[in-house]
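Everything below concerns the one structure shown next.
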Amino acid sequence: MAKIVIYGAGSIGCYVGGRLLAGGSDVNFIGRARVADQLRHQGITLSRHDESRWHVPRERIEVSTDPATAATADLVLVTVKSIATATAAAELANVLRPGTIVVSFQNGIGNADVLRAALPQCTVLEGMVPFNVVERSAGAFHQGSAGELEIRRAPAMQPFVEAFSNAGLPLIQHADMLPVQWAKLLLNLNNAINALANRPLKEELSQRAYRICLGMAQKEALALLKRADIRPARLTPLPASWIPRVLGLPDAWFERLGRRMLTIDPLARSSMSDDLAAGRATEIDWINGEVVRLAQRLGQTAPVNERLCELVREAERADMRPSWSAEALLAEMRAAAGAAS
């Protein structure tokens with residue numbers, strides 16, 4: 001049986017790896033000591049927004065803090081935060097066998113390129129995880145929203161497709177992942193807003209002023225993507241270009257037309273919000289920061305996304321975490337946009 005290694009046993013890594021393990025695959029986890037101890041003692045409990053549940057007992061869990069565990073891997077799923085990609089690449093370069101398949105299931109646009117540069121003898125593929133996962137308690141991970149895993153199509157990956165299907169995680173394969181990655185990033189622009197709001201996603205998205213902030217960030221990014229001749233893939237029932245308009249609808253209309261965006265666990269928050277709560281560095285530079293860098297490459301500006309980056313970095317440094325009201329954050333975004341016009 002092929003050996004799958006999860007490099008980065010955080011919420012996404014434990015959930016995807018746990019589902020693969022529950023589906024019968026041979027899975028090893030590499031992660032921090034805290035998570036390793038939890039999995040060794042409690043196993044993994046998994047749940048989904050539709051009330052599906054899985055449990056993998058501790059006796060079946062193979063987890064380590066040592067990257068050398070990946071030396072015998074056939075497939076490595078990299079699920080660390082983007083800030084740790086360069087470190088992951090350097091550690092894996094010392095241990096992976098030539099021909100190993102490496103998939104970046106991470107936020108942002110360029111993580112696979114970082115891995116590819118460090119692992120020239122491996123096949124490195126871009127992947128995308130559309131759903132939100134929260135750690136509800138030690139060893140318990142909950143998928144709070146819907147969606148299917150997506151990945152760049154490659155012949156070397158085909159032997160593993162059945163393992164994902166057996167786990168109930170079918171892979172949607174694409175010849176070009178860049179439109180998919182940008183489509184996901186457009187949705188992830190809400191991570192910063194959710195983190196600054198400091199409230200559950202469903203509650204945040206239920207308030208029009210927060211949604212308008214997201215719509216402003218998305219419209220700014222969409223204009224830049226059009227200049228760059230990049231057309232985002234369609235990940236939702238509506239095309240990406242329509243979403244800002246829907247976000248600005250009155251709450252009652254949005255509840256009806258944007259129902260899928262509100263089909264999320266009532267307690268779920270963005271990973272960026274979780275990072276701020278835990279005092280960790282966020283992925284702001286790999287999400288809103290990607291829009292700012294795209295603007296710079298095109299000789300343009302992205303004041304809304306740039307201001308969101310600044311506010312999240314300020315929150316990272318703050319002694320007390322801010323909780324922006326919808327009206328205050330919207331005023332801040334409008335001021336940023338107005339100052340640049």
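The values are calculated or read from the model by the stated rules, or taken from the named source; none is laboratory data. Owing to the predicted nature of the structure, the values given are computational and were not obtained by experimental measurement. Quick reminder, even Gly has a Cβ in these numbers, built from the backbone with ideal geometry, and neighbours come from all protein chains shown. The accessibility values were calculated without ligands, DNA or RNA, using every heavy atom of the protein model including side chains. Shrake-Rupley method; radii C 1.70, N 1.55, O 1.52, S 1.80 Å.
Here are some notes:
- Calculated FRET value between Glu51 and Ser241, using beta carbons and R₀ = 41 Å, to 0.05: 0.75
- Using distinct alpha-carbon pairs, which all enter the 1/r mean, Kirkwood radius of region 165-240 in Å: 14.0
- Of all accessible heavy-atom area on the chain, the percent that carbon and sulfur account for (1.4 Å): 51
- Counting Cα-Cα pairs of region 135-188 in 10 Å increments starting at 0 gives whole-percent bin shares of 19, 40, 34, 7.
- Solvent-accessible area per residue for region 1-156 (1.4 angstrom probe, square angstrom): 39
- For the chain: lysine pairs under 25 Å (alpha-carbon distance), excluding those fewer than 8 apart on one chain: 7
- Distance histogram for region 91-225 (every C-alpha pair counted, 5 angstrom bins, percent rounded to whole numbers): 2, 9, 15, 17, 18, 16, 12, 7, 3, 1, 0
- The chain - charge dipole about Cα centre, Lys and Arg +1 at Cβ, Asp and Glu -1, debye rounded to 20: 520
- Whole-angstrom gap from region 118-138 to region 1-70, using each part's C-alpha centre: 13
- Region 32-81: projected area of the alpha-carbon convex hull, averaged over directions, in nm²: 4.8
- GNM top mover of Pro200, Pro250, Pro159 - the chain, alpha-carbon springs below 10 Å: Pro159
- Among Ser82, Ser323, Ser271, residue whose mean-square fluctuation peaks in a GNM of the chain (springs only between Cα atoms under 10 Å): Ser323
- Spread of Cα-to-Cα distances over 10 Å intervals beginning at zero, given as percent, for the chain: 6, 26, 35, 24, 9, 1, 0
- A Cα-only calculation for region 76-134 places Rg and Dmax at 10.9, 34 Å.
- In the distance distribution for region 1-77, Cα-Cα pairs more than 18 Å apart total 32 percent.
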